[in-house]
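Only one structure is covered here, and it is reproduced in the block below.
The values are calculated or read from the model by the stated rules, or taken from the named source; none is laboratory data. Because the structure is a prediction, the values reported are computed rather than measured. Neighbour counts run over all protein chains shown; Cβ positions are idealised from the backbone, glycine included.
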Amino acid sequence: MSEEEILALIREALVYAAPDKAAQLDRIEWSSSLSNLGIDSIGLLDASSYIEDKLAAHFPDDKLARVELVSDFGALMRQHLQSNGHQDERRQSL
Amino acid sequence: MSVDRIRKERMYRTYMEFFEIAEKKRRWNIWDDIPWEKLNPALNDEADAVRIETFCGVELYVPDYTAHGFNMSRSIFGQAWFAANWGYEESKHALAFREYLVRSGLRTQDQYMDYEDQILSKVWISPASTMRQTSIYGAFQEIATYLIYHQQYQKALREGNEVLARVVQLTGRDEAAHCGFYRKLVAFEMEDDPQGTMEDLAQIVKNFQMPGAALIPDYEKRVQIEGVGLTRQQFMAHAILPTLRSFGTTRSDLIKIIRAQEARKKERREREGEAAPAALVAAE
């Protein structure tokens, strides 16, 4: 997944969780703060659940709780994608 | 809502466990357990005043909180007696904060009385309309309050403010005990009616706000001061997620229920939207 695709998925998830803020969320950047975008705790859980479903992932609760910037979300996703990629590689080598 | 005898008996036993610990280990009083003689006004500033005044304001709604608690629970001994004990403990919190504000000179007696008048000119209305919702709301609100006081306890210790540290330590300990009691009640509800409890849980969490949010003067301005409230990360990490775990559920389950509730709401709105023009035509 490219960086653009990761950012696009985060945007999609946030719009899903907070459709009334779609216009603002359209302009998010890596440095955007979720609090400043008006994403509350439930919005964050909803958005992460959306991403988890799309990626068949499960983000650790303690790491999810620390998410504040869009880039924190990106880091969680990259971590999952990397470990998943490693697993796929391992499966192939077996 | 009628509660069967088995449940009543469980709640009675749960209350007795809570009350035994409260009576034997947790009781304190504002005269002997707070070292007022060590009060040093130089250790305080206006931000401390706003913080303590806000905590005091929230605790001052005890008459409304207890009225709601009693009305909801009067037919169930364990829960009604808990409401009485809870009200007693919370009333002591308001007293301790009031004494701290005035004795330290952070507020004059007149300033305090003006503030109290402002606070009590409004009435707290519970976001919960059943006992089950009250217990769920209580579990979140008590843990959040504990976390706020605990932060202040650590801050006061760092600053060498022994008196304030003791006040927030004692009040925080009570809040943690209240949270534990509510969590047990919600666990019973989960056993009896998991779906209904999850529906209530979703509704309470989605709309959760601290009791003072709509009542305390300038609340939005006050929460900008560090330590008056919790950050979203703190609330998530130390309140929402552990509370969900204590109820035996997960954030994914919660989100599924919230989404289903939202979908039902949308469907209802659409149905009503379609029905409205038809009703107008019929009226014509």
Among B:Asn85, B:Asn29, B:Asn71, which is modelled with pLDDT of 95 or more, closer than 20 Å to B:Gly138 by Cβ and of a type outside the set (Val, Ile, Thr)?
-> B:Asn85
Are there any helices (runs of 4 or more DSSP H) wholly within region A:5-94 with 1 or more residues that are within 11 Å of chain B (Cβ to nearest Cβ), and if so which?
-> A:41-55, A:61-65, A:70-93
The lone exception for B:Lys221 - which of (1) under 24 Å from B:Gly57 (Cα atoms); (2) in contact with a Ser or Thr (Cβ under 7 Å, 6 or more places away or on another chain); (3) not hydrophobic (A, V, I, L, M, F, W, C) it fails | (2)
Evaluate region B:196-208: report whether one residue or more is under 24 Å from A:Val67 (Cβ atoms), in contact (Cβ under 8 Å) with a residue 60 or more places away in the chain and touching a Gly at 6+ places or on another chain (Cβ under 9 Å).
-> no
For B:Ser129, all conditions in the list (1) surrounded by 13 or more Cβ atoms within 10 Å (Cβ to Cβ); (2) under 24 Å from B:Phe70 (Cβ atoms) hold save one; what is the number of the exception?
-> (1)
